[in-house]
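The values are calculated or read from the model by the stated rules, or taken from the named source; none is laboratory data. It should be emphasised that the depicted structure is a prediction, and the values quoted were computed from it without experimental measurement. We place every Cβ from the backbone using ideal geometry, glycine too, and count neighbours over all the protein chains shown. For the accessible areas, the whole protein counts, side chains as well, though only heavy atoms, and no ligand, DNA or RNA atoms are used. Shrake-Rupley method; radii C 1.70, N 1.55, O 1.52, S 1.80 Å.
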Amino acid sequence: MDARAILAKKRDGGTLDAAELTWFAHGLSDGRVSDAQAGAFAMAVLLNGLSDAERGALTRAMRDSGRVLRWSLPGPVLDKHSTGGIGDTVSLILAPALAACGAYVPMISGRGLGHTGGTLDKMEAIPGYAPDIPAERLQAVVADVGCAIVGASDDVAPADRRLYAVRDVTATVETIDLIVPSILSKKLAAGLAGLVLDVKVGSGAFLPGEDQANALARALVSGAVAAGCPCCALITDMDQPLATAAGNALEVHAAVEILAGGTGEARLAEVSRALGGALLALHGIAPDAEAGAATIAKAIASGRAAERFEAMVTALGGPADIVAQAGRHLPRAPVVRDVVPARRGIVTAIDGRALGMAVVRLGGGRRVETDRIDPAVGLDRLARIGDAVDSQHPLARVHAADTSTAGAAAAAVRGAYRVADAPAEAPPAIRGRVG
Ligand code: URA
């Protein structure tokens, strides 16, 4: 087979068969497919779509581009994955919280994608943390600690590792036909007994509309279930950032604040509990999602989740006291300044994508594959929908490498917020469920 023939077929609106998709996925992992060809494939799929059969075949082919893990552990192997958002640092809270509840969590995560932050980039903001490990080491850390947040490796879902990096910089993220194989190939390769998905809806989501989010949730849940993995999805709000921070080290601070028992990030804590509760109920560890959420809340309040987080960070090369001493370990940007609104009033809407792009332009995300992330930059103290803002109550605080990027980010933040005189109510954090 030849990549050019496969690309031409999809470019011209044809249907690829399982053999062609398997050849392409394996070519991504063994290098027979170049980056240019991977980008052309992603664009052809985004423009011309995949049938359900093609999407299923691509998912299986990407899963089988590496090993499928098998486990023999005293508790269930569970996981959560998000379709991507701003200030979405749930994984850092939920992986250790689930481990504290007796589950085992091999969380194969991604880097920043498009305007959204990536869990791996956040974890790498912790000095020394090394998430790129072989499958044997992943299995050993999960068995020992209960959770490990790692990247797709040469052994597990390597095709997604390549395609994901190419999609990030080729404007080819926003399609169900690539999001579903990307997420499910990693998760199915991890050999899970249960999966909860966090499908984002709203201005900061890849697929912002309600109908799109519902369709994505249905495609993900049915794809996982068809492959033998029990799965449900919550549809959660991304009409505003989930945490009050966006940027790698700043989001680690937000997660650590919850793990340390803080109450300043109520929305992030609520979504973390709801997702964890749904997963515990899905697997029968809790009688229902509400009881499951209470179990997660207890794991956090007792400090057991923080203790699992520190054990995971230590096992993967980071400092032993990251929760207790986050301020000492996490990098800080040299320029920090408030962003005051152009007028006083109430925040009525937030363009999440514009905020995410402001973080990318500060250096918190990539514009080409080889870009190095600046983990310290980003935004925090983000005002929420319904908040009153004025010169004393800013929209946000910018953390930047220099004054010129700080100025540009401040302008982008002002452009992302709509401020008016009328009161405004934020949409609920949890907006629906599938499965
Ligand atoms: N998360 C992934 O792993 N892949 C996507 O395409 C989007 C979110």
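A few points about this structure:
- Counted over region 78-327, the DSSP beta bridges are approximately 5% antiparallel.
- Our summary gives the chain a relative contact order of 18 percent, counting only alpha carbon pairs under 8 angstrom and 6 or more residues apart.
- For the chain, accessible area per residue (1.4 Å probe, heavy atoms of protein chains only), Å²: 36 Å²
- Prolate/oblate/rounded call for region 331-420, Cα gyration tensor, a/c under 1.5 rounded: prolate
- The phi torsions of region 133-144, fed into the Karplus equation with coefficients 6.51, -1.76 and 1.60 and a -60° offset, translate into couplings of 10, x, 4, 4, 5, 4, 5, 5, 5, 4, 5, 7 Hz, rounded to whole numbers, with Gly and Pro shown as x.
- Equivalent ellipsoid dimensions for region 126-214 as semi-axes, Å, which come from the Cα gyration tensor, largest first: 27, 16, 13
- Directionally averaged projected area (convex hull, Cα atoms, region 59-98), nm²: 4.2 nm²
- Size of region 3-63: Rg and Dmax of its alpha carbons, in Å, are 10.3, 27.
- q = 0.14, 0.27, 0.29, 0.35 Å⁻¹: log10 I(q)/I(0) that the Debye formula gives for region 96-138, counting C-alpha atoms only: -0.42, -1.05, -1.06, -1.10
- With at most 16 neighbouring Cβ atoms within 10 Å, loop GluC sites (Glu not before Pro) (DSSP) excluded, longest segment of the chain: 175-368
- Most fluctuating residue given options GLY247, GLY202, GLY364, as computed from a GNM of the chain linking Cα atoms under 10 Å: GLY202
- Here region 270-348 and region 412-433 have alpha carbon centers that stand 22 Å from each other.
- Within-15-Å neighbourhood charge of LEU395 [Cβ basis; K, R +1; D, E -1]: +3
- Across region 26-35, rounded Karplus estimates of 3J(HN,Hα) from the backbone phi angles (6.51 cos²θ - 1.76 cosθ + 1.60, θ = phi - 60°) give 5, x, 5, 7, 9, x, 5, 9, 7, 4 Hz, Gly and Pro being marked x.
- Here the accessible area of region 78-327 is 53 percent carbon and sulfur, with a 1.4 angstrom probe and all protein chains present.
- Exposed loop sites here are trypsin sites (Lys or Arg not before Pro) assigned a DSSP state other than H, G, I, E or B and surrounded by at most 12 other beta carbons within 10 Å; excluding them, the longest clear run of the chain is 71-331.
- Kirkwood-type hydrodynamic radius, region 288-328: 11.2 Å, calculated from all non-identical alpha-carbon pairs.
- Virtual spin-label span in nm between ASP288 and ALA18, 7 Å along Cα→Cβ: 4.1 nm
- Given their separation in residues at 0.36 nm each and the Cα-Cα distance between them, ASP421 and SER391 gain 9.3 nm when the chain is fully extended.
- Value of relative contact order over region 3-63, rounded to a whole percent, pairs C-alpha under 8 Å and six or more apart: 50 percent
- Förster radius 35 Å - calculated FRET efficiency between GLN325 and ARG433 (Cβ-Cβ, nearest 0.05): 0.40
- Solvent-accessible area assigned to carbon and sulfur over region 3-63 amounts to 53 percent, based on a 1.4 Å probe.
- Beta bridges per DSSP with both ends in the chain, % antiparallel, nearest 5: 55 percent
- Most mobile listed residue (ALA306, ALA281, ALA217) in the chain, GNM with C-alpha springs under 10 Å: ALA281
- All-pairs alpha carbon distance profile, the chain, 20 Å steps from 0, percent: 28, 59, 13, 0
- Gap separating the Cα centres of region 1-73 and region 103-170, nearest whole Å: 21 Å
- Per-residue Karplus couplings for region 241-252, computed as 6.51 cos²θ - 1.76 cosθ + 1.60 with θ equal to phi - 60°, are listed in order as x, 6, 8, 8, 9, 9, x, 5, 5, 5, 6, 5 Hz, Gly and Pro entered as x.
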